[in-house]
Amino acid sequence: MVTLLIAATLLAASSGQQVRTDTNMKDARMDWWRKARFGLFIHWGLYAVPAGKWGEETDYGEWIRDSAQIPLAEYEKFQKQFNPTKFDADKWVAMAKNAGMKYIVITSKHHDGFDLFDSKFTTWDVMGTPYRKDIMRQMADACRKGDLKIGWYHSIMDWHHPDYLPRRGWENRPVGNANFDRFVDYLHNQVTELLTNYGDIGIMWFDGQWEPTWSNTYGKQLYDLCRRLQPNVIVNDRADGIGDYLTPEQTIPEEAIEGKDWETCMTMNRHWGYNAMDKDYKSSKDLIRMLCDIASKGGNFLLNIGPMANGEFPPESVQRLADIGRWMKVNGESIHDTEGSPIQPQPWGRCTVRPDEKKSTLYFQVFDWPKDAKLNLPMIGNIPITAYVLGNKSVRLPIRQGNTGVAIDLPQRASDQIATVVALEVRGMPIIFNAPKIISDSDVFVTKCPVTLSSGSPRLIVRYTLDGSMPGPTSPVYSRPLELSRTMTIKARSFFDGRAVTPVVEKTISRVSPWRAATGAPLRPGLDREIYDGSWSAMPVFSGLKGTRSVATGVAIPTEADREHVGMRLSGFLRIATDDVYRFGLTSDDGGRLYIDDQLVVDNDGLHVATEKHGSAPLARGAHKVVVEWFNATGSTALALRWARLGENLAPVPDSAFGR
């Protein structure tokens, strides 16, 4: 028994050491990326040749082969038309660098399978064009000369390779003896080329992983291959669902993603690839403020340009890079090498911080200049040193500390109409008197509910009560998660050096009875499925439409619905094993909704990229009526459903949980 105990202790210690080692290794390779905050995304390939036009339609982008349903033999003709004689890698890198960007991610291969590099495993690459030069080689060399990191966007999906499955739903191309494992070998061979022949690579940015032929096992193998070939390369989350960082697309999270590295990728206009007719560009003002917003939440901004077929950036993109560069030349220190805001959102703008044990600097990116020329801030526990406007550091601004907060006297007018940055230097690590947060997965529960409290600043302590009284100096100090078993109102307040420094926050969490399960005959496996043709921008009323009926094994997109202008309704029952509150995460591209017992639980409706939204329901043991509605307008498709009991992590709902 003693021997077993010693062995278990040694195993636990070894496991803990491995976790720390893995974390340290990840922190080391992520260090430059976390400091960079701003990068350039480039979507470039054969799709730049038609420039968004096919037939009478002019709204296509990098998905044109699929969206316009161009036969493979017809699409292959673009290879002989691609001759970017005006491409200048050094010029591209210089524009990115002048804009304050620290890295570039470019499409080595998009979904059409065409490579912008010289691959010995295919002739469907840039060496088969009139240009006949390795574009990735030029970009890698130019980035190193310009002191920028280079990264590869490489699609897992491949509409050209004979072994890639599934085929597009509209194609007549026969499957024949296609073998997906053979395609995976091809994918690994090309990734090996990209991580072997071009020196140190900063990022592998995978995409196109959502089709049913791909699996987490394949993703893990691909991630491990990258890690073996280049231990320091950063890999995004789209190969295996884990990766080194998250990649929200065309959206900025409403709040910081606590404990996670993340990067918003976004187009300048509406398309990733070049579209000559798309002049719907975001303004330079909007892009700069988006950069501030993302940095204030601790994320990175990967801003996309779709170059023209001749090798030049569109003039609108060039202008915006120049505008951003002018702002960054003065204010870049409020973006680079900073962390997310330690203060809660303010009406006047955003905040970032460069923390240090001796002296920290808070940067306030002021969008709306206060009419009274006073910047009002929360109370802080630090001694202020000085305040100034970036670009005019020699002029010190008066700082006033009161009982309710800190105020900085500003110049009468903003020095920059987009965002004037005010810096405040303080002694030590920032101590911000933010109100605490009461965090729970749900406001209701059935049996028990875990609750955590957050102080908002590491130097503050949180005291709380559960009996309705006001938290005071002798109230319990929060140290570990609470577990409620009956309806309670939690009140919390933050303290510093023994005194209350924030208002009291409170939250009532109620114990409820679960929704009753259905009664009836035993269920058959699967869900009833109906697929509809149509073009929508919001969820239609499917009950008034005629669709094609079949049976689904679970919540997923079948081959016949993996296309544009389509809708689907899945209906049946969801088996619940234990009385509890269940959380649900519904991912859809475009719109999706989840109903349980005729109640709307998750509303993910509208036109958007693959996005997960959440809801919860108290459910009794047994079978509950479930309906999932989904539609896709254009572009990529995605549909997935995850669930968890309170206190657990979301995981895919297994097919065995459904019945009809």
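The values are calculated or read from the model by the stated rules, or taken from the named source; none is laboratory data. Since we're looking at a predicted model, the values are computed, not measured. Cβ placement follows ideal geometry from the backbone for every residue including glycine, while neighbour counts extend to all protein chains displayed. The accessibility values were calculated without ligands, DNA or RNA, using every heavy atom of the protein model including side chains. Shrake-Rupley method; radii C 1.70, N 1.55, O 1.52, S 1.80 Å.
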Subset of K282/K625; K358/K507; K80/K279; K91/K285; K102/K282; K35/K285 violating a 32 Å alpha-carbon distance limit: K282/K625; K358/K507
DSSP-loop chymotrypsin sites (Phe, Trp or Tyr not before Pro) across segment 106-143, with at most 11 other Cβ within 10 angstrom: none
Accessible area in square angstrom per residue, segment 373-521, 1.4 angstrom probe: 53
Whole-Hz couplings from phi, Karplus 6.51/-1.76/1.60, listed for segment 121-126; x for Gly and Pro: 9, 7, 9, 7, 8, 5
Extension gain from R413 to K91, taking 0.36 nm per residue of separation minus the Cα-Cα distance: 112.3 nm
Translational diffusion of segment 127-266, µm² s⁻¹ [Kirkwood Rh, Cα pairs; Stokes-Einstein; 20 °C; 1.002 mPa s]: 128
Integer Hz, Karplus 6.51/-1.76/1.60 couplings in order for segment 538-544, x for Gly and Pro: 8, 4, x, 8, 5, 5, x
Computed Rg/Rh of segment 345-430, alpha carbon atoms with Kirkwood Rh: 0.93
Inter-label distance for A178 and K359, nm, one decimal - labels placed 7 Å from Cα along Cα-to-Cβ: 6.2
DSSP bridge pairs, the chain: antiparallel proportion in percent, nearest 5: 75
Among N392, S656, A561 the positive-end extreme of the charge dipole of the chain (Cβ point charges): N392
Between segment 155-176 and segment 604-660, the alpha-carbon center distance in angstrom: 28
HN-Hα J in Hz across segment 388-396 - Karplus 6.51, -1.76, 1.60, θ = phi - 60°, x for Gly and Pro: 6, 9, 4, x, 8, 5, 6, 8, 7
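Quick one: grab the alpha carbon gyration tensor of segment 499-549, order the square roots of its eigenvalues as a ≥ b ≥ c, and give me rounded if a/c is under 1.5, else prolate or oblate depending on whether a/b is larger than b/c.
Oblate is the answer for segment 499-549, as a/c is 1.5 or above yet b/c matches or exceeds a/b.
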Dmax and Rg, reported as Rg then Dmax, of segment 438-596 (C-alpha, Å): 23.3, 68
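How would you order 394-404, 32-42, 294-304 from highest to lowest mean count of nearby Cβ atoms within 10 Å? The partial results should precede the final answer.
Details: 394-404: 11.0, 32-42: 21.0, 294-304: 23.3.
Most protected by this proxy first, the peptides run 294-304, 32-42, 394-404.
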Accessible area of the chain belonging to carbon and sulfur atoms, whole % at 1.4 Å probe: 50
Segment 539-578 - accessible surface per residue (Å², probe 1.4 Å): 51
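Taking 0.36 nm per residue of separation and subtracting the Cα-Cα distance, what length does fully extending L466 through E333 add?
This chain segment gains 43.4 nm when fully extended.
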Spin-label pair N310/R427, simplified geometry with 7 Å Cα→Cβ offset, distance in nm: 6.2
Extension reserve of the D147-K77 stretch, reckoned as 0.36 nm per residue once the Cα distance is removed: 21.5 nm
Tensor-based shape of the chain (alpha-carbon gyration tensor, a/c under 1.5 rounded, otherwise prolate or oblate): oblate
Sites L523 and D280 - FRET efficiency at Förster radius 41 Å, r taken between beta-carbons, to 0.05: 0.25
Binned Cα-Cα distances of segment 230-271, short to long, each 10 Å bin given as a whole percent: 25, 47, 25, 3
Nonlocal amide H pairs with T386, under 5 Å, H built at 1.01 Å: E425
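Could you tally the net charge around T58, taking each other residue with its Cβ under 14 Å from the Cβ of T58, Lys/Arg +1 and Asp/Glu -1?
Result for the neighbourhood of T58: -2.
Using the heavy atoms of the protein chains alone and a 1.4 angstrom probe, what is the accessible area of segment 109-213 per residue in square angstrom?
Accessible area per residue, segment 109-213: 37 Å².
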Set of lysines near K220 by C-alpha distance (under 21 Å), chain-local residues within fewer than 8 positions excluded: K26, K109, K260
Prolate/oblate/rounded label for segment 410-462 (Cα gyration tensor, a/c 1.5): oblate
Within segment 460-484, backbone nitrogen closer than 16 Å to the virtual label 7 Å beyond the Cα of A500 toward Cβ: 461-478
